[in-house]
Amino acid sequence: MRARVSDADRQRWNQEYAAGRWDFLSSPVEHTRLSLVAGMLRCAPEDDVLDLGSGPGHLLDWLPVERAGRYVAVDIADEALARVARREPHARTVRASLSQFEPQAQRVGAIVASEVLTYDDDSVAQLARIVAAYQHVGQVIVSVLGPHPDKPNWTRGSERVWRALSDLSWTRVQSATLRNDRTGVTWELADLEPG
């Protein structure tokens, strides 16, 4: 049985976006990370890019203009999705959690999962369910906060996600690690080909 996101959870995320709690997602280091994500895209320009846990759609800043209409933002926060729509009116938005999301098409060029996989213990299983629901998925790009000595929950989350992904036996096409030397925060990224 899939976990359900409650109205209280959705309300909390909306309040956090409205209060500026997630404004750091527009910081220079986040833009560097998103430029790496965009650089990993291998799908054709006419293929959809599905951004799971999209937040306000900052990935759009790094996509070529011809991809804007192929961008699909998926998030549980109405406030975040409203920001996507203001940023790019041609982008499509879907209000759903990982556990609630159901594909609306038969194929997708790329699925991007930035940080969203660390929130729930079954998140990689949900990602695998989403991939399996499509007839074709060209690639899956994952970005996860790396281990940090002062943040044991980040370390546990990172290890859990990469262990679960390795169990899927998807092919790792490329990887990257980004480190903010000032804060010691790292992000681990991988371009995966579902098998």
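What follows is calculated from the coordinates using simple rules that are stated; it is not laboratory data. Just so we're clear, the structure is a prediction, and the values are computed from it rather than from any experiment. Cβ sites come from the backbone with ideal geometry, for glycine too, and all protein chains shown count toward neighbours.
Quick one: length gained pulling LEU168 to ASP150 fully straight, 0.36 nm per residue minus the C-alpha distance?
Using 0.36 nm per residue and subtracting the Cα-Cα distance, I get 3.5 nm.
In the P(r) worked out for region 19-131, what percent of Cα pairs fall beyond 23 Å?
Details: 1418 of 6328 pairs.
Here the long-distance tail beyond 23 Å is 22 percent of all Cα pairs in region 19-131.
Calculated FRET efficiency, GLU66 and ARG107, Cβ-Cβ r, R0 25 Å, to nearest 0.05?
On the way: r = 18 Å, r/R0 = 0.72.
That pair, GLU66 with ARG107, gives E of 0.90.
Take ASP121 and SER6, extend 7 Å from each Cα along the Cα→Cβ direction, and tell me the distance between the two endpoints in nm.
That separation, rounded to one decimal, is 1.8 nm.
Antiparallel as a % of all DSSP beta bridges within the chain, to the nearest 5? All intermediate terms of the calculation are to be shown ahead of the outcome.
Working: 15 of 34 bridges.
If I count the DSSP bridges inside the chain, around 45 percent turn out antiparallel.
Could you give the length gained on full extension between ARG129 and ALA85, defined as 0.36 nm per residue of separation minus the Cα-Cα distance, in nm?
Answer, rounded to one decimal: 13.2 nm.
Please report how far the C-alpha centroid of region 110-179 lies from that of region 30-51, rounded to the nearest whole angstrom.
Rounded to whole Å, the Cα centres lie 15 Å apart.
Can you give me the P(r) profile for the chain? Cα pairs, bins 10 angstrom wide beginning at 0, each as a whole percent.
The percentages, shortest bin first, are 9, 37, 41, 13, 0.
Using the 10 angstrom Cβ neighbour count as an exposure proxy, how do SER54, SER26, SER99 rank, fewest first?
Details: SER54 27, SER26 13, SER99 18.
By the 10 Å Cβ count, ascending, the order reads SER26, SER99, SER54.
Mean residue ellipticity at 222 nm from the helices of the chain, using -39,500 (n - 2.57) per DSSP H segment of n ≥ 4 over the full residue count, to the nearest 500 deg cm²/dmol? Before the final figure, lay out each step's value.
Working: 5 runs with 62 residues, N = 195.
Here the helix-only value at 222 nm equals -10000 deg cm²/dmol.
Just to be sure I understand the model, the point goes 7 Å from the Cα along the line to the Cβ. What's the resulting ALA96 to HIS31 distance in nm?
3.2
If neighbour count is taken as other Cβ atoms inside 10 Å, put ARG107, ARG67, ARG95 in order from fewest to most.
Numbers: ARG107 13, ARG67 25, ARG95 16.
Least to most surrounded, the residues fall as ARG107, ARG95, ARG67.
What residue among ASN153, SER99, TYR134 has its Cα farthest toward the positive end of the dipole of region 7-193, where the charges are +1 on Lys, Arg and -1 on Asp, Glu, each on the Cβ?
ASN153
How much net charge surrounds ALA77 when only other residues with a Cβ under 11 Å from its Cβ are counted (Lys, Arg +1; Asp, Glu -1)?
On the way: positive: ARG10, ARG12, ARG21, ARG83, ARG95; negative: ASP9, GLU16, ASP75, ASP78, GLU79.
So the environment of ALA77 carries a net charge of 0.
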